[in-house]
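This report concerns only the one structure given below.
The values are calculated or read from the model by the stated rules, or taken from the named source; none is laboratory data. On a predicted model such as this, the values are computed, not experimentally measured, just so you know. Cβ sites come from the backbone with ideal geometry, for glycine too, and all protein chains shown count toward neighbours. When the accessible area is computed, the model is the full protein with side chains, heavy atoms only, and any ligands, DNA or RNA have been set aside. Shrake-Rupley method; radii C 1.70, N 1.55, O 1.52, S 1.80 Å.
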Amino acid sequence: MTPAEHAFSAERWQIIAALERSHFWFVARRALVERLLARVGGPSTGLVVDVGCGTGALAHDLAARGARVLALDLRAEGLARLRAGGSRAWVARALTSHLPVADDSVQVALALDVLEHTDDDRSLAEIARALRPGGAVIITVPALPWLWSARDNQAGHLRRYTRRSLLALVRRAGLEPLDIRFYQCLLLPFFVMTRLLGRVWHQTQRAEQQPGGPVNALCLAVNRAEVALGDYIRWPIGSSLAAVARRPA
């Protein structure tokens, strides 16, 4: 399997599909992405391409709101789900290194926890090729290489990023970085505990992947507050990084 095809298992896809609408991690990422989308003009300004769309949930919701959305993924499950659900999003199976879109045709690209599965230089250069001059890409990736755990292996990750390494990646693709920020700062002690203890007691990892109702509700409240406060506070660290970059006009 090539780096561009380093995907997670079908079993993990099913877990994500079951958790995505309620799990604190996914809900928080969605809230952050919505804020970043608004910053670059929202999803209705042109073609939006969800690169590595996963279950297709975000692509479906954006299309339902009137955006022109193309959902791309190597795995077929999410694309089939979009078709079966009557989504207005267009779908296609594709590698991140070979996007089926013309040069200069994309207004907004989404690469949400995708680049860590791929040859990231090649993938982001391909996204840059597809962007219109002035078009933007929103990126999220796992942060802090020292936080590597069995969960990264299960997810099919090839790497975790530092702020510096993500910034360098963006610049190598010829893109202009507008914002690179940590998130999941306030819950970082929880992640450190579950990841490090999970190296000894594997059942500890379940506290993060499948938290009980009260734990999930508490973590979700913390994450929502962090995302809202992120407009005013530059968090110094976090288990994930988000970036907004633009193709120069």
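Of Leu112, Leu124, all but one fail to be within 22 Å of Ser239 (Cα to Cα) and open to solvent by 10 Å² or more (accessible area, probe 1.4 Å); the exception is Leu112. Note on region 65-92: residues that are in contact with a Pro (Cβ under 9 Å, 6 or more places away or on another chain) and at negative phi total 7.
A quick yes/no check of all residues on (1) open to solvent by 10 Å² or more (accessible area, probe 1.4 Å); (2) of a type in the set (Lys, Arg); (3) part of a helix (DSSP H, G or I); (4) out of contact with any strand residue (DSSP E or B) (no Cβ under 6 Å at 6 or more places or on another chain):
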residue: Thr45; (1), (2), (3), (4): yes, no, no, no
residue: Leu72; (1), (2), (3), (4): no, no, no, no
residue: Gly78; (1), (2), (3), (4): no, no, yes, yes
residue: Ser97; (1), (2), (3), (4): yes, no, no, yes
residue: Gln107; (1), (2), (3), (4): yes, no, no, no
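The listed residues are Val91, Val101, and the only one of them that is in a strand (DSSP E or B) and either crowded, with 20+ Cβ neighbours inside 10 Å or modelled with pLDDT under 90 (or both) turns out to be Val91.
Please identify the pairs in which a residue from region 74-90 that is of a type in the set (Ser, Thr, Tyr) has its Cβ atom under 7 Å from the Cβ atom of a residue that is open to solvent by 60 Å² or more (accessible area, probe 1.4 Å), counting only partners at least 6 apart or on another chain. Filtered contacts from region 74-90: Ser87/His60.
Exactly one residue out of Phe182, Phe191 is more than 28 Å from Val108 (Cβ to Cβ) and surrounded by 18 or more Cβ atoms within 10 Å (Cβ to Cβ), and it is Phe191. Cβ-Cβ contacts under 6 Å between residues 6 or more apart (or on different chains), taken from a first residue in region 161-175 that is charged (D, E, K, R) to a second residue that is crowded, with 16+ Cβ neighbours inside 10 Å, are listed as Arg163/Ile180.
Consider region 145-172 and keep the residues that are part of a loop (DSSP other than H, G, I, E, B) and open to solvent by 20 Å² or more (accessible area, probe 1.4 Å). The one that is nearest to Thr194 (Cα to Cα) is Trp148. Only one entry in Leu36, Leu32 is at pLDDT 90 or above, over 11 Å from the mean Cα position of the chain (by Cα), under 13 Å from Val244 (Cβ atoms) and buried (at least 20 other Cβ atoms within 10 Å of the Cβ), namely Leu36.
Take the residues in region 211-231 that are part of a loop (DSSP other than H, G, I, E, B) and either touching a strand residue (DSSP E or B) at 6+ places or on another chain (Cβ under 9 Å) or within 22 Å of Glu176 (Cα to Cα) (or both); name whichever of them is least open to solvent (accessible area, probe 1.4 Å). Among them, the one singled out is Gly230.
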